[in-house]
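One structure below.
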Amino acid sequence: MGKPNFELIRHDVVERVLLEVDQIYHLACPASPIHYKYNPIKTSKTSFLGTMNMLGLAKRCRARFLISSTSEVYGDPLQHPQEETYWGNVNPVGERSCYDEGKRVAETLTMDYHREHGLEVRIVRIFNTYGPRMALDDGRVVSNFVAQALKNEPLTVYGDGTQTRSFQFVTDLVKGMVAVMDGAHVGPFNIGNPGEFTMLELANLVKEVVNPKATIEFRENTSDDPSRRRPNITKAKEILGWEPKVALRDGLAMMVQDFKKRLGLGA
Ligand SMILES: O=c1ccn([C@@H]2O[C@H](COP(=O)(O)OP(=O)(O)O[C@H]3OC[C@@H](O)[C@H](O)[C@H]3O)[C@@H](O)[C@H]2O)c(=O)[nH]1
């Protein structure tokens, strides 16, 4: 921002756009379950038509194209931890499938442009990510718990809290994506932090780091919630020399500073 060669354009990727570019990081899509389920047909359109439009743009400019895919392509995984070679266990007719199947077809389109048109493409599968500047109403678990703990509200644990996730700090993700884009391999690459936690463990860690007086409230879980998730990152480590550096406890502390400011609680 403010740099002479920087241009910010607000545009819906579902509509075509003519730009001159060398590289495309195609990240456009709601990623929080409450947001992608809010308008599921639009989520599918964004994943399919949006990706097709961005691939068309990459083809016209001969630009290198990176698709931000997701750990959700593995669905409720029967393999644990998940390797890139795993084809996944996704419900095609469930409430999450607009996103899961949307990202799966986005990967398919990406590979077809690569095979049919020789386009240079890269695929990253992003695992749960958190960090400063997340929307306060994002709805994903880490930002929910941090905001709730700061506001002295109960931490809302969905289901019995035994489901697991592996959380990566945003700066690790950005470094991973750039390493994939600048590297020589198409992927797919899992980009995530293998440190795995149950939601109850996460709630207790947030209590410890943010507010020891916070309480926990159990809520009904959402449908098709994956029971466990953890990336195998051997491929990214060996091929790209990338691995995450920020531990959950340290990442949470950095997030708290930012959330405090934005909630008007003083840093
Ligand atoms: O307040 C909450 C929110 C969520 N949860 C639970 O926490 C777990 C994680 O839920 P989130 O909504 O943060 O994220 P999910 O893992 O379901 O989906 C995410 O996965 C990977 C990314 O690609 C996507 O950004 C997103 O779809 C789930 O088991 C959910 O039930 C809570 O216990 N309490």
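The values are calculated or read from the model by the stated rules, or taken from the named source; none is laboratory data. Fair warning: this is a prediction, and the values are worked out from it, not measured in the lab. Positions of Cβ are backbone-derived with ideal geometry, glycine not excepted, and every protein chain shown enters the neighbour counts. Surface accessibility is based on the protein's heavy atoms, side chains included, excluding ligands, DNA and RNA. Shrake-Rupley method; radii C 1.70, N 1.55, O 1.52, S 1.80 Å.
At-a-glance table
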item: Candidate set: the range 139-159, residues that are near the ligand (Cβ under 6 Å from one of its atoms) and in a helix (DSSP H, G or I); chosen: the one surrounded by the fewest Cβ atoms within 10 Å (Cβ to Cβ); result: N144
item: Neighbours by Cβ (under 6 Å, 6+ apart or cross-chain): first from the range 52-68, β-branched (V, I, T); second buried (at least 17 other Cβ atoms within 10 Å of the Cβ); result: I67/H26; I67/A106; I67/T110; I67/I123
item: Condition check for V93: assigned to a helix (DSSP H, G or I) and surrounded by fewer than 21 Cβ atoms within 10 Å (Cβ to Cβ); result: no
item: Among the residues listed as E116, E208, E217, the single one being modelled with pLDDT of 95 or more, surrounded by fewer than 15 Cβ atoms within 10 Å (Cβ to Cβ) and assigned to a strand (DSSP E or B); result: E217
item: Filter pass, T171 being modelled with pLDDT of 95 or more, surrounded by fewer than 21 Cβ atoms within 10 Å (Cβ to Cβ) and more than 15 Å from the chain's Cα centre (by Cα); result: no
item: Pairs where the first residue, in the range 246-266, is surrounded by fewer than 17 Cβ atoms within 10 Å (Cβ to Cβ) and the second is among the charged types (D, E, K, R), C-beta under 7 Å, 6+ apart; result: D258/R133; L263/K151; G266/K260
item: Test: residue in the range 70-86 that is more than 25 Å from D138 (Cβ to Cβ), more than 20 Å from the chain's Cα centre (by Cα) and acidic (D, E); result: no
item: From the options E15, E7, E84, residue that is modelled with pLDDT under 95, of a type in the set (D, E, K, R) and outside any helix (DSSP H, G or I); result: E7
item: Some residue of the range 108-130 being more than 10 Å from the ligand (Cβ to nearest atom), touching a Lys or Arg at 6+ places or on another chain (Cβ under 6 Å), on the phi > 0 side of the Ramachandran plot and of a type in the set (G, A, S); result: no
item: The range 5-38 - residue that is more than 21 Å from V73 (Cβ to Cβ) and polar (S, T, N, Q) and, of those, least open to solvent (accessible area, probe 1.4 Å); result: Q23
item: Pair list, Cβ under 6 Å, 6 or more apart: the range 5-30 residue over 12 Å from L66 (Cβ atoms), other residue of a type outside the set (S, T, N, Q) and open to solvent by 50 Å² or more (accessible area, probe 1.4 Å); result: V14/K45; V14/L49; V17/H11
item: Residue count for the range 21-62, restricted to those that are farther than 15 Å from T108 by Cβ and in a helix (DSSP H, G or I); result: 19
item: Selection status of I191, more than 30 Å from K237 (Cα to Cα) and either of a type in the set (A, V, I, L, M) or within 20 Å of the chain's Cα centre (by Cα) (or both); result: no
